[in-house]
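These notes concern the structure reproduced below.
Nothing in this text is a laboratory measurement; each read-out follows from the coordinates by a stated rule. Computed from a predicted model, the values in this text were never measured in an experiment.
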Amino acid sequence: MKLNRANFAEFFRTDYYTINVIFDVENDTGVRKNPSTRYTYKVPQDIKLEIGDRVVVMPQAGNLKSPTVVEIHENPQIEEDTGFNFKWIVGKYDDIIVNYVENMERDTRLKKAVAKLEQKLEQISLRKQLALAMEELGEADKQELTALFGTELLPKSLASDGKTVLE
């Protein structure tokens, strides 16, 4: 028996099963075709897959791919004398995409909330600046601006103590 030392530990583990996957490839006309070459990957027992599911794998460091499951082996099928290491799947495609979409939606909601806050802060700043400017104007100018812009856009004229009210 000629056992590849890289795969030696797989014969003592019981916490995984194996699958065969195929990678979709685009040809020159842009049509996707399924190649006949199958690749075997290890899957943790807690991830349940079915034939036709897509998984995420890393065939080369830093290079994620999403092949399709074409065969499931409840009892791991590890060849003893292969010259390569059997790799783990990264996860089930649907689960990973759901997490990605949820994160993108959270980002979007956060960006909208920040935009609302920024808008409100700008309004508050403008009201304070208007209040300061109104203090510098004469009564006739104040009345003219109030008539033009309306009272809801300008700060209340003067409080009983003679100071402009900031809202």
**OP:** Starting from the amide H of Trp88, placed 1.01 Å from N in the peptide plane, find each other amide H under 5 Å away whose residue is 5 or more places distant or on another chain.
**Re:** Lys42
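Past the 22 Å Cα-Cα mark, which pairs from Lys65/Lys92; Lys42/Lys65; Lys65/Lys112; Lys42/Lys92? Present the calculation step by step, with values, prior to reporting the outcome.
Working: Lys65/Lys92 12 Å; Lys42/Lys65 15 Å; Lys65/Lys112 33 Å; Lys42/Lys92 12 Å.
Going by Cα-Cα distance, Lys65/Lys112 fall outside the 22 Å limit.
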**OP:** At 0.36 nm per residue, minus the direct Cα-Cα distance, what do Arg109 and Thr68 gain on full extension? Give it in nm, one decimal, please.
**Re:** 11.5 nm
